[in-house]
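What follows is calculated from the coordinates using simple rules that are stated; it is not laboratory data. In this text the structure is predicted, and so the values were computed from the model without any measurement. For neighbour counting, all protein chains shown are included, and Cβ atoms are generated from backbone atoms with ideal geometry for every residue, glycine included.
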Amino acid sequence: MLSHAPDAALQWSYLRAAWHFLTIDFVFAAIVFAVAASSASPALGLLVRITAVRYAIYAVAWFIFVALKQRSIWRAPQWVLLRAIATCALQA
């Protein structure tokens, strides 16, 4: 009989993969912002706006996740930093 119990090793692998993908995404975004700060290309400006919108989406998703799971949005305030990064990038 098949068990429906969650496989802890598989869940850990998914979590690690997601962590590494987000790390790569954040490093890519940092490179985009650094290059954009030293160059004034219209195409690069569009890439910065797209990256800023992604950060805004991350902030909203994190805020919702924290609000639903923690019941206090200040116990995990990373959404504030993500929102600040998105706001600064959109202002540039």
What ³J(HN,Hα) values, in whole Hz, does the Karplus curve 6.51 cos²θ - 1.76 cosθ + 1.60 give for segment 46-59 when θ = phi - 60°, with x put for Gly and Pro? 5, 4, 5, 5, 4, 5, 5, 5, 4, 5, 5, 5, 4, 4
Cut-off 12 Å between beta-carbons: net charge of the residues surrounding ALA89, Lys and Arg +1, Asp and Glu -1: +3
Can you check what the net charge comes to around ALA76, using other residues whose Cβ is under 15 Å from the Cβ of ALA76 (Lys, Arg +1; Asp, Glu -1)? +4
Per the 1/(1 + (r/R0)^6) rule, R0 = 30 Å and r from the Cβ atoms of SER38 and ALA18, FRET efficiency to 0.05 is 0.45
Charges on Cβ only, +1 for Lys and Arg, -1 for Asp and Glu, centred on the Cα centroid of the chain; of LEU46, TRP12, ALA59, which one is farthest towards the dipole's positive end? ALA59
Relative contact order of segment 20-92, pairs being alpha-carbon contacts under 8 Å that are 6 or more residues apart, as %: 33
Cα-centred dipole magnitude for the chain, charges only on beta-carbon of K, R (+1) and D, E (-1), debye, nearest 20: 260
Between 0 and 90°, nearest 10: helix 8-38 axis offset from the chain longest Cα axis: 0
